[in-house]
Amino acid sequence: MKLNLKRPLAFFDLEATGTNIGVDRIVEIAVLKVLPDGTQEMKVSRINPEMPIPYETSMIHGIFDEDVKEAPTFRQIAQEYADFLTDCDLAGYNSNKFDIPMLMEEFIRAEVEFDLESRRFVDVQNIFHQMEQRTLKAAYRFYCGKDIENAHSAEADIRATYEVLLAQLEKYKDVEWEDKKGNKSVPVQNDVDALHTFTNLSRPVDFAGRIVFNENGVEVFNFGKHKGKCVEEVFHAEPSYYSWMQQGDFPLYTKRCLEKIWVRWNGKKVLVKNQTEQRITVENPEGANKPQQVQGQQRPYQQRKDFKSNNNRNYNQHPKKDDKPAEPITGDMLEQLKLKFGK
């Protein structure tokens, strides 16, 4: 089928350092421009985001810091892409919520004009979601071939959910699935551990996705200025961040998980302090509570005491002169001075 176009329609997709429109940056852009006569033009670029790519994000799209360190920045290619998209309508998958606003942020930072007012936008995901709704009712009809009676009552919904899972286990038995890295597996198995792994690929700590586990099983922030950073490292560098989150508009369970990490982190600090004090006690049992003296270095009091003793010795080594009255100046004395100084 040929698209009925009055002007070019540009399908485009962005890969970025994350999903925060105001903070994250593009690392790859691909544009397929379809012309009214059916011909196509493709343009793809890797982009240096001028910021680190979080490892968790790289695991999704497969682009790492090393892959873009020699790539141009968006500012360097912004005008080139603005020209390529001239007079084009825009299309993508979830493009209205992510790709278009992200692209506009980058154009604005690069100070390149890109007008949206005269364009049309086609978001293919919205067609999919509205025509094939992702509700329990739609899933029940798709997998089980029937409608839920008394839909939206808790009992009916939970029984339908149970039947949907049984149908999924039958439908996807031995069906191969490929992840973003190209790894293939058969994830939908009649095993709770396997289902848990497959349905928690983002590895959330708090279920709201504010804190997630990285590849090493360490909690990292998944939002804001510390996205991708270890939670405990943020506590060490900026302890006030904990208070800000506890007082902020975050889910209660997120705050509870954060508090658990905070308590654990403080416990580690106390443990390290106690171990240090124990080591000092073992190395210096008699003076564990006294200031440590560097070999060859005297304490201030001892220095003052020794200084006074030395001065007294030096003073005693030079006996005082007799306190005799000065002799009167005589004529002989004046004659001797004249001879000495030639006067």
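Determine whether segment 63-74 contains at least one residue that is within 29 Å of Arg120 (Cβ to Cβ) and either touching a residue at least 12 places away in the same chain (Cβ under 8 Å) or loosely packed, with under 15 Cβ neighbours inside 10 Å (or both).
yes
All but one of (1) of a type outside the set (A, V, I, L, M, F, W, C); (2) assigned to a helix (DSSP H, G or I); (3) over 32 Å from the mean Cα position of the chain (by Cα); (4) surrounded by 11 or more Cβ atoms within 10 Å (Cβ to Cβ) hold for Asn190; state the number of the condition that does not hold.
(2)
Among the candidates Tyr140, Tyr162, Tyr172, Tyr93, which residue alone is among the hydroxyl-bearing types (Ser, Thr, Tyr) and in the same structural domain as Arg25 (by TED's automatic domain parsing)?
Only one candidate passes the filter, namely Tyr93.
State all residues of segment 85-105 that are in a helix (DSSP H, G or I) and either within 14 Å of Ala10 (Cα to Cα) or among the aliphatic types (A, V, I, L, M) (or both); if no residue qualifies, say none.
Result: Ser95, Asn96, Asp99, Ile100, Met102, Leu103, Met104.
Show the residue pairs meeting these rules: Cβ distance below 8 Å; 6+ apart or different chains; first residue within segment 100-116 and over 19 Å from Ser45 (Cα atoms) and assigned by TED's automatic domain parsing to the domain that holds Asp24; second residue among the β-branched types (Val, Ile, Thr) and modelled with pLDDT under 95.
Leu116/Ile100
Scan segment 204-224 for residues that are at negative phi and either without any contact (Cβ under 8 Å) to a residue 24 or more places away in the chain or part of a loop (DSSP other than H, G, I, E, B) (or both) and report the count.
Total meeting the criteria: 13.
So, of the residues in segment 39-62 that are within 16 Å of the chain's Cα centre (by Cα), touching a residue at least 60 places away in the same chain (Cβ under 8 Å) and assigned to a helix (DSSP H, G or I), which turns out to be nearest to Asn20 (Cα to Cα)?
Here the residue is Thr57.
Tally the residues that are assigned to a loop (DSSP other than H, G, I, E, B) and closer than 28 Å to Asn48 by Cβ, restricting the search to segment 106-136.
So the count comes out to 8.
Considering only segment 229-256, state which residues are under 15 Å from Val212 (Cβ atoms) and either touching a strand residue (DSSP E or B) at 6+ places or on another chain (Cβ under 6 Å) or not in a helix (DSSP H, G or I) (or both).
Answer for segment 229-256, where residues must be under 15 Å from Val212 (Cβ atoms) and either touching a strand residue (DSSP E or B) at 6+ places or on another chain (Cβ under 6 Å) or not in a helix (DSSP H, G or I) (or both): Lys229, Cys230, Val231, Phe250, Pro251.
Among the numbered conditions (1) buried (at least 17 other Cβ atoms within 10 Å of the Cβ); (2) closer than 28 Å to Gln130 by Cβ; (3) within 16 Å of the chain's Cα centre (by Cα), tell me where Thr17 comes up short.
Going through (1) buried (at least 17 other Cβ atoms within 10 Å of the Cβ); (2) closer than 28 Å to Gln130 by Cβ; (3) within 16 Å of the chain's Cα centre (by Cα) one by one, Thr17 breaks only (2).
The values are calculated or read from the model by the stated rules, or taken from the named source; none is laboratory data. Keep in mind that what you see is a predicted model, and the values were worked out from it rather than measured. For neighbour counting, all protein chains shown are included, and Cβ atoms are generated from backbone atoms with ideal geometry for every residue, glycine included.
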